[in-house]
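The values are calculated or read from the model by the stated rules, or taken from the named source; none is laboratory data. Quick caveat: nothing in here was measured; it's all calculated off a predicted structure. For neighbour counting, all protein chains shown are included, and Cβ atoms are generated from backbone atoms with ideal geometry for every residue, glycine included. Accessible surface areas use protein heavy atoms only, side chains included; no ligands, DNA or RNA. Shrake-Rupley method; radii C 1.70, N 1.55, O 1.52, S 1.80 Å.
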Amino acid sequence: MTAPTDQPTEAGCLFCRIVAGEVPAALVHETPHTVAFRDIDPQAPSHVLVIPRRHVPDVGALADVSAEELAELVRATAEVARMEGLDGGYRSVYNTGPDAQQSVFHAHVHVLGGRAMTWPPG
Ligand code: DGP
């Protein structure tokens, strides 16, 4: 898997390295601007991360640079949920910043499903 040459990357970014194929991941879905792969530490029977190929630190930054790519990310999220058979529903989570326990500063959507969720989240 190779990122289009016009996609900004950041040296040392784990998710940029997954997009570039330098770090292995269990790929689930790809579009011109997004890649989806299974989370290494799943928190539900189905737990997929959907990320933009472009390096931005969070989804707010993605919206600032490209609403089109943000929309593609959301569409890819819905497509992943469909492919995973999450007909009963799923949760999309954008952890943003340290208080939300964001640990990888390359924008990503957690798509979680396959079990009943609780609210409020912890
Ligand atoms: P967050 O805490 O929202 O920044 O989520 C980052 C997620 O990334 C976390 O659920 C674990 C996952 N993760 C971290 N390193 C790797 C990796 O090398 N491969 C995969 N597939 N997932 C990873």
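Both numbers refer to the Cα atoms of the chain; Rg and Dmax are 13.7, 41 Å. Summing Lys and Arg as +1 and Asp and Glu as -1 over all other residues whose Cβ lies under 10 Å from the Cβ of HIS110 gives a net charge of 0. Per residue, the range 25-121 exposes 53 Å² of accessible surface when a 1.4 Å probe is rolled over the protein heavy atoms with every protein chain present.
Which distance in Å, rounded to a whole number, links the C-alpha centroids of the range 19-93 and the range 94-122? When both Cα centres are located, 12 Å separates them. The length gained by stretching the chain between SER66 and LEU14 to full extension, at 0.36 nm per residue less their Cα-Cα distance, is 16.5 nm. Length, then width, then depth: along the principal axes, the Cα atoms of the range 20-80 run 31, 26, 19 Å.
Run the accessible area of the chain with a 1.4 Å probe and give the carbon-and-sulfur part as a rounded percent. So the carbon and sulfur contribution to the accessible surface is 53 percent.
Relative to the longest principal axis of the Cα atoms of the chain, helix 67-83 runs at roughly 40 degrees. For ASN95, nonlocal amide neighbours, meaning residues 5 or more places apart or on other chains whose placed amide H falls under 5 Å from its own, are HIS110. Of the residues HIS47, HIS29, TYR94, the one whose Cα sits farthest towards the positive end of the charge dipole of the chain is HIS47 (charges of +1 on Lys and Arg Cβ, -1 on Asp and Glu Cβ, taken about the Cα centre). Simple spin-label estimate for ASP41 and VAL104 gives 1.2 nm between the two label positions (7 Å along the Cα-to-Cβ direction from each Cα).
In µm²/s, what is D for the range 54-122 at 25 °C and 0.890 mPa s, where D = kT/(6 pi eta Rh) by Stokes-Einstein and Rh is the Kirkwood radius from Cα pairs? Write down the numbers at each step before the final one.
Working: Rh = 13.1 Å.
Result for D is 187 µm²/s.
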